[in-house]
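To keep things clear, I will list the structure first and then write my remarks on it.
The values are calculated or read from the model by the stated rules, or taken from the named source; none is laboratory data. Keep in mind that this is a model prediction, so the values were computed, not measured. So basically every Cβ, Gly included, is an ideal-geometry build from the backbone, and we count neighbours across all protein chains shown. Surface areas here come from the heavy atoms of the whole protein model, side chains and all, with no ligands, DNA or RNA. Shrake-Rupley method; radii C 1.70, N 1.55, O 1.52, S 1.80 Å.
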Amino acid sequence: MSKRQIKLGLSMRQLGYHAGAWRHPDVNPGGAMDIQHFVRIAQTAERGLFDMVFLADGLGLRQTDKPKGSLSRSNQNVELEPLTMLAAVAMTTRHVGLVATASTSYNEPFHIARKFASIDHISGGRAGWNIVTSWSEEEAKNFNRTKHFEYDERYARAAEFVEVVRGLWDSWDDDAFAHDKKEGLFFHPDKMHVLNHRGEHFSVMGPLTVSRSPQGHPVLVQAGTSPQGQEIAAASADVVFTAQTDLKDATEYYRSVKGRMARYGRKPEDLKILPGLLPVVGKTRAEASDKMQQLQDLIHPLVGLAHVYGPMGDLSGYPLDGPVPEPVDPELRSRAKVMLDLARRNNWTVRQLYLAASAGRGHRTVVGTPAEIVDAMQEWIDAEGADGFNIVPPYLPGGAEDFVDLVVPELQNRGLYRTPYEGSTLRENLGVPKPPSRYAS
């Protein structure tokens with residue numbers, strides 16, 4: 001068996017990834033607007049020696065009220081702005097990495113370069129940027145647009161956006177600032193670099209008004225599975241988050257992304273691929289099953305039906321405990337066939353279908369003892385389907401605490417996971433290189 005060290009991220013968006021999380025008796029339903037909620041989660045992750053905590057984000061209310069009445073029963077609506085929140089969390093932690101999403105569609109490169117470089121300084125080298133292209137019409141309408149960017153345009157914009165940000169992060173050499181009071185020299189003029197970028201989407205002069213960050217560049221995280229997204233990851237990402245539920249698909253994706261890296265002069269180990277994993281852990285299998293059933297019982301039918309609305313259409317008029325009907329005019333036709341085949345194969349009712357779809361928002365779900373959870377993780381590591389996992393707890397903070405208290409010791413007992421942190425920066429703990437400045441001789 002492999003003894004490759006598993007890397008771990010902890011997704012701490014909202015109140016957990018299970019659709020019934022906010023109704024759990026141990027969850028504060030207002031937690032997504034409470035900084036202490038996130039401080040507790042981040043400190044739990046640090047206690048568990050996680051590489052990073054991760055905050056996904058969107059720039060608009062993506063959920064629709066389909067079927068009618070479902071929107072007001074979902075907790076996916078208000079939350080703290082991620083960069084503001086991570087700057088505050090940085091002051092309450094010492095080791096765990098701090099990663100947040102920021103869109104290349106509705107930001108400017110100078111803003112993003114400055115904010116993440118600032119958080120890297122505030123945290124002592126623990127910042128990371130999750131690069132996304134916004135996709136929803138709701139987001140477009142919040143930024144002076146009536147329609148979203150076309151698919152190819154938003155990826156071309158993203159590629160140039162990332163290149164500009166990386167260039168701005170190289171505005172100052174590591175030793176640019178002399179701070180020589182005797183000679184009256186604040187910085188060495190030959191160690192300041194003006195980017196002067198002129199491209200298809202952006203014109204940015206520079207230099208950045210933040211000195212070079214402790215990590216050289218904050219860690220770059222990417223989550224795209226499309227060919228364009230994989231290409232961006234291979235060229236510049238340090239970490240990839242992905243949603244894979246099947247080991248064969250995971251290994252194919254792993255080989256595809258890492259196989260593209262050589263053309264950019266990069267080694268496969270320079271990039272860590274972390275599929276999402278939703279663990280429901282108990283000291284016994286029965287306890288784990290009871291925890292899962294408790295969460296399933298908390299899914300309101302309208303919220304469950306909303307999770308299958310895109311592929312299956314409006315099923316609210318059908319008996320919940322009756323058979324799954326043929327979808328009528330589905331929005332997602334390929335997904336509709338997958339869901340219908342699954343329902344027919346398992347003889348599921350409408351309720352059983354939405355329960356299956358609502359549990360982990362498309363992420364791999366494992367219910368079991370600590371040993372069973374680690375077995376499932378190790379299988380993917382050994383098969384080279386993952387370098388680690390982005391843990392998406394079913395509910396927060398309890399799901400994260402269960403993982404740290406029960407699963408982390410099992411990982412350590414098997415020699416698969418660190419006992420102390422290896423370094424002081426996120427790059428050092430991940431084992432990814434510090435990028436040299438483009439101006440370095």
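Here are the numbers:
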| quantity | calculated |
| --- | --- |
| Residues located in the stretch 264-295, provided they are among the hydrophobic types (A, V, I, L, M, F, W, C) and out of contact with any strand residue (DSSP E or B) (no Cβ under 8 Å at 6 or more places or on another chain) | Ala286 |
| The stretch 244-269, residues that are of a type in the set (Ser, Thr, Tyr), open to solvent by 60 Å² or more (accessible area, probe 1.4 Å) and not in a loop (DSSP other than H, G, I, E, B) | Tyr264 |
| Among the residues listed as Gly229, Gly206, Gly224, the single one being within 15 Å of Ile131 (Cα to Cα), open to solvent by less than 20 Å² (accessible area, probe 1.4 Å) and either at pLDDT 90 or above or part of a loop (DSSP other than H, G, I, E, B) (or both) | Gly224 |
| Qualifying residue in the stretch 56-63 (condition: in contact with a Leu (Cβ under 6 Å, 6 or more places away or on another chain) and modelled with pLDDT of 90 or more) | no |
| Flag for Arg157 being more than 20 Å from Thr104 (Cα to Cα), of a type in the set (Lys, Arg), in contact (Cβ under 8 Å) with a residue 24 or more places away in the chain and crowded, with 18+ Cβ neighbours inside 10 Å | no |
| Every residue from the stretch 129-154 that is surrounded by fewer than 18 Cβ atoms within 10 Å (Cβ to Cβ) and outside any helix (DSSP H, G or I) | Trp135, Ser136, Lys141, Asn142, Phe143, Asn144, Arg145, Thr146, Lys147, Glu150 |
| The stretch 314-326: number of residues that are within 12 Å of Val350 (Cβ to Cβ) and either surrounded by 13 or more Cβ atoms within 10 Å (Cβ to Cβ) or at pLDDT below 90 (or both) | 8 |
| Pairs, first without any contact (Cβ under 8 Å) to a residue 24 or more places away in the chain in the stretch 201-219, second of a type in the set (S, T, N, Q), C-beta under 8 Å, six or more apart | Met205/Asn196 |
| Filtered residue count, the stretch 172-182, keeping only those that are touching a strand residue (DSSP E or B) at 6+ places or on another chain (Cβ under 7 Å) and either touching a residue at least 24 places away in the same chain (Cβ under 8 Å) or open to solvent by 70 Å² or more (accessible area, probe 1.4 Å) (or both) | 2 |
| Some residue of the stretch 196-203 being out of contact with any strand residue (DSSP E or B) (no Cβ under 7 Å at 6 or more places or on another chain), closer than 30 Å to Glu428 by Cβ and not hydroxyl-bearing (Ser, Thr, Tyr) | no |
| Residue list for the stretch 37-78, restricted to those being charged (D, E, K, R), in a loop (DSSP other than H, G, I, E, B), open to solvent by 20 Å² or more (accessible area, probe 1.4 Å) and closer than 20 Å to Gly276 by Cα | Asp57 |
| Subset tally (residues that are in contact (Cβ under 8 Å) with a residue 24 or more places away in the chain and open to solvent by 40 Å² or more (accessible area, probe 1.4 Å)) for the stretch 429-441 | 7 |
| Sole residue being within 30 Å of Asp34 (Cβ to Cβ) and either surrounded by 14 or more Cβ atoms within 10 Å (Cβ to Cβ) or of a type in the set (Val, Ile, Thr) (or both), chosen from Thr419, Thr349, Thr369, Thr365 | Thr365 |
| Sole residue being out of contact with any Leu (no Cβ under 7 Å at 6 or more places or on another chain), on the phi < 0 side of the Ramachandran plot and of a type in the set (A, V, I, L, M), chosen from Ile112, Ile41 | Ile112 |
| Residues within the stretch 273-302 that are surrounded by fewer than 21 Cβ atoms within 10 Å (Cβ to Cβ) and of a type outside the set (Asp, Glu), tallied | 15 |
| Extreme residue, surrounded by the fewest Cβ atoms within 10 Å (Cβ to Cβ), among residues of the stretch 79-104 that are assigned to a strand (DSSP E or B) and aliphatic (A, V, I, L, M) | Ala102 |
| Residue within the stretch 105-112 that is open to solvent by less than 20 Å² (accessible area, probe 1.4 Å), under 18 Å from Ser11 (Cα atoms) and not polar (S, T, N, Q) present | no |
| Selection within the stretch 380-401 - among the small types (Gly, Ala, Ser) and not in a helix (DSSP H, G or I) | Ala383, Gly385, Ala386, Gly388 |
| Condition broken by Leu185, with the remaining ones in (1) open to solvent by less than 80 Å² (accessible area, probe 1.4 Å); (2) over 23 Å from Gln230 (Cβ atoms); (3) in contact (Cβ under 8 Å) with a residue 40 or more places away in the chain satisfied | (3) |
| Hits in the stretch 402-416 (condition: of a type outside the set (D, E, K, R), part of a helix (DSSP H, G or I) and either touching a residue at least 24 places away in the same chain (Cβ under 8 Å) or buried (at least 22 other Cβ atoms within 10 Å of the Cβ) (or both)) | Phe403, Val404, Leu406, Val407, Val408, Pro409, Leu411 |
